[in-house]
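Following: one structure in structure tokens, then a few remarks.
The values are calculated or read from the model by the stated rules, or taken from the named source; none is laboratory data. Nothing here was measured: the structure is a model prediction, and the numbers come from that model. Because the Cβ atoms are built from the backbone with ideal geometry, glycine has one as well, and the counts that use them run over all protein chains shown. Heads up: the accessible areas ignore ligands, DNA and RNA and are worked out on the full protein's heavy atoms, side chains in. Shrake-Rupley method; radii C 1.70, N 1.55, O 1.52, S 1.80 Å.
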Amino acid sequence: QVQLVESGGGLVQAGDSLRLSCSYSGRTFSRWAMGWFRQAPGKEREFVATISWSGYNIYYADSVKGRFTISRDNAKNTMYLQMNSLKPEDTAVYYCTAPRDRYYTGISRHEYDYWGQGTQVTVSS
């Protein structure tokens, strides 16, 4: 079936950087849109960024635009989220996800059917 596995989270100080990775297998995700969501305690799981299968179409939440960069390497079956200038409000569990429709790159979490277990990112002030 499908497997999505995140890695790269950790505890950093404000202004620091982290790179998250998502390894994917079990489906033809090399021809599938994918993305990142995050969830802080007591809050809804929110859109962070998405990327089309080709990597040519990329979308970011306003809260991370200019600081985060989503990318993918289909030859390695891996998607990345480079997180720069981290802020305490970026603290959350970050989830790798893929949509029900392989072409969907929108912001609605309800359109995403496949999820990893998440990786914790904590940003101290």
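Return yes when Asp73 is open to solvent by less than 60 Å² (accessible area, probe 1.4 Å), charged (D, E, K, R), free of Cβ contacts under 8 Å to residues at least 24 places away in the same chain and in contact with a strand residue (DSSP E or B) (Cβ under 8 Å, 6 or more places away or on another chain) and no when it is not. Considered against the rule, which asks whether it is open to solvent by less than 60 Å² (accessible area, probe 1.4 Å), charged (D, E, K, R), free of Cβ contacts under 8 Å to residues at least 24 places away in the same chain and in contact with a strand residue (DSSP E or B) (Cβ under 8 Å, 6 or more places away or on another chain), Asp73 comes out as yes.
Of the residues that make up segment 31-45, is at least one among the aromatic types (Phe, Trp, Tyr), assigned to a loop (DSSP other than H, G, I, E, B), open to solvent by 40 Å² or more (accessible area, probe 1.4 Å) and farther than 20 Å from Gly9 by Cα? Write out each step before concluding.
Going through segment 31-45, the residues among the aromatic types (Phe, Trp, Tyr) turn out to be 32, 36-37.
Still in the list and also assigned to a loop (DSSP other than H, G, I, E, B): 32.
Right, trim to open to solvent by 40 Å² or more (accessible area, probe 1.4 Å) and you get none.
Checked against the condition, which is being among the aromatic types (Phe, Trp, Tyr), assigned to a loop (DSSP other than H, G, I, E, B), open to solvent by 40 Å² or more (accessible area, probe 1.4 Å) and farther than 20 Å from Gly9 by Cα, segment 31-45 yields no hits at all.
Considering each residue of segment 84-94, count those that are open to solvent by 30 Å² or more (accessible area, probe 1.4 Å) and in a strand (DSSP E or B), and give that number. Steps first, answer last, please.
Residues of segment 84-94 open to solvent by 30 Å² or more (accessible area, probe 1.4 Å): 84-85, 87-89, 91, 93.
Imposing the further condition that a residue be in a strand (DSSP E or B) reduces the set to 93.
The number of residues fulfilling the criteria is 1.
For the residues Leu20, Leu81, Leu4, Leu11, the requirement of being open to solvent by 10 Å² or more (accessible area, probe 1.4 Å), of a type in the set (A, V, I, L, M), closer than 13 Å to Tyr95 by Cα and not in a helix (DSSP H, G or I) singles out Leu4. Considering only segment 102-120, I want to know if a residue exists there that is open to solvent by less than 30 Å² (accessible area, probe 1.4 Å) and closer than 21 Å to Val12 by Cα. Yes: segment 102-120 contains one or more residues that are open to solvent by less than 30 Å² (accessible area, probe 1.4 Å) and closer than 21 Å to Val12 by Cα.
Scan segment 64-86 and tell me whether some residue there is under 16 Å from Ser17 (Cα atoms) and among the charged types (D, E, K, R). Let's see the steps before the verdict.
First pass over segment 64-86, keeping only residues under 16 Å from Ser17 (Cα atoms): 64-71, 80-86.
Next cut, among the charged types (D, E, K, R) only: 65, 67.
Yes: segment 64-86 contains one or more residues that are under 16 Å from Ser17 (Cα atoms) and among the charged types (D, E, K, R).
Do the conditions hold for Tyr56, that is, is it of a type in the set (Ser, Thr, Tyr), farther than 28 Å from Ser124 by Cβ and part of a strand (DSSP E or B)? Please lay out each step first, then the result.
Details: of a type in the set (Ser, Thr, Tyr): yes; farther than 28 Å from Ser124 by Cβ: yes; part of a strand (DSSP E or B): no.
No: the conditions fail for Tyr56.
Across segment 55-70, the qualifying residues are those that are over 17 Å from Lys87 (Cβ atoms) and open to solvent by less than 40 Å² (accessible area, probe 1.4 Å), and the one among them that is modelled with the lowest pLDDT is Gly55.
The selection criterion, being free of Cβ contacts under 8 Å to residues at least 40 places away in the same chain and under 12 Å from the mean Cα position of the chain (by Cα), holds for Val64.
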